[in-house]
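Reading through the structure tokens given below for one structure.
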Amino acid sequence: AQSVTQLGSHVSVSEGALVLLRCNYSSSVPPYLFWYVQYPNQGLQLLLKYTSAATLVKGINGFEAEFKKSETSFHLTKPSAHMSDAAEYFCAVRVIQGAQKLVFGQGTRLTINP
Amino acid sequence: GAGVSQSPSNKVTEKGKDVELRCDPISGHTALYWYRQSLGQGLEFLIYFQGNSAPDKSGLPSDRFSAERTGGSVSTLTIQRTQQEDSAVYLCASSLRPVGQETQYFGPGTRLLVL
């Protein structure tokens, strides 16, 4: 069964510092991986997705993620944090059988300190 | 273009009452998904529609939960005899096709509180 694990339920960084949110996946087949962001009282917005075209994926708002098969990881990074990045971030893997549903990690709440 | 919309945005109900939650997917999207977001369980899959059919209902937590989709568009999630543990945010998502690389676009959710 496919699953994801997000390391760290809370991450706090200073404005201008590097943002690193960790995600490890488990899948017996090449996965489709997604990062979503959720702002307070809003739905989920896609940041980026990995679909095997390229291992380094660039997304919106300056975020990017690198797929590393050897490490079964898909960590999300941003070189310089902005106050507006404060939100909850979810990593998800697509189950490729049947419903093609998304299986989500537990989420990481990102706080930006001024 | 218009995104996924859900109504109501908030719903407060008394234990034992029935509730209906509505989802309007993006026009032309054939696949529709319901998820539930709660503090204890995180984000969990409930049900999937392809057109008007629901080939995967495996995430529905009990027979008090049901859903339908009509005209390949609007979907309604119904919870009968609500319980306090049903309190959560119910999210709807749609995608153009139900294939791995297609993006699922999410609505803003319905926040359900059962008193």
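Using a Gaussian network model of chain B whose springs link C-alpha atoms within less than 10 Å, name the residue from B:E20, B:E44, B:E102 with the highest mean-square fluctuation.
Among B:E20, B:E44, B:E102, the largest mean-square fluctuation in the Gaussian network model of chain B belongs to B:E102.
Which of these, A:V29, A:V37, A:V95, has the largest mean-square fluctuation under a Gaussian network model of chain A (Cα springs below 10 Å)?
It is A:V29.
Just B:L32, B:L60, B:L91 to compare: in a GNM of chain B, with alpha carbon springs under 10 Å, which one fluctuates most?
Most flexible of the set in this elastic network: B:L60.
Using r as the Cβ-Cβ distance of B:E20 and A:I96, and R0 as 22 Å, what FRET efficiency do you calculate, to the nearest 0.05?
Result of the calculation: an efficiency of 0.10.
Go through A:S84, A:L102, A:L44 and say which Cα lies farthest out towards the positive end of the charge dipole of segment A:38-114; charges sit on Cβ, +1 for Lys and Arg, -1 for Asp and Glu.
Projecting each Cα onto the dipole axis, the largest value belongs to A:L102.
Full-extension gain between A:S12 and A:A53, please, as 0.36 nm times their residue separation minus the C-alpha to C-alpha distance.
So the chain would gain 11.6 nm between A:S12 and A:A53.
Of A:I60, A:I96, B:I47, how do they rank once you tally other Cβ atoms within 10 Å and put the fewest first?
Details: A:I60 10, A:I96 16, B:I47 24.
With the sparsest Cβ surroundings first, the list reads A:I60, A:I96, B:I47.
So how strong a dipole does the protein assembly as shown carry about its Cα centre when Lys and Arg Cβ are +1 and Asp and Glu Cβ are -1, to the nearest 20 debye?
The calculation lands at about 160 debye.
Sort out for me the Cα centre separation of segment A:81-101 from segment B:1-55, rounded to whole Å.
So the two Cα centres are separated by 17 Å.
Spin-label point model (7 Å from Cα, Cβ direction): what's the B:S62 to B:N10 distance in nm?
With each label placed 7 Å out from Cα toward Cβ, I get 2.6 nm.
Considering only DSSP beta bridges with both partners in chain B, what is the antiparallel share in %, to the nearest 5?
Roughly 90 percent of the beta bridges in chain B run antiparallel, per DSSP.
Give the Rg (one decimal place) followed by the Dmax (whole number) of chain A, computed from C-alpha coordinates and expressed in Å.
When restricted to the Cα atoms of chain A, Rg and Dmax are 13.6, 45 Å.
No lab work stands behind these numbers, since they all come straight from the coordinates. No experiment lies behind these values; they were computed from the predicted model shown. Cβ coordinates were reconstructed from backbone atoms using ideal geometry, including for glycine residues, and neighbour counts include every protein chain displayed.
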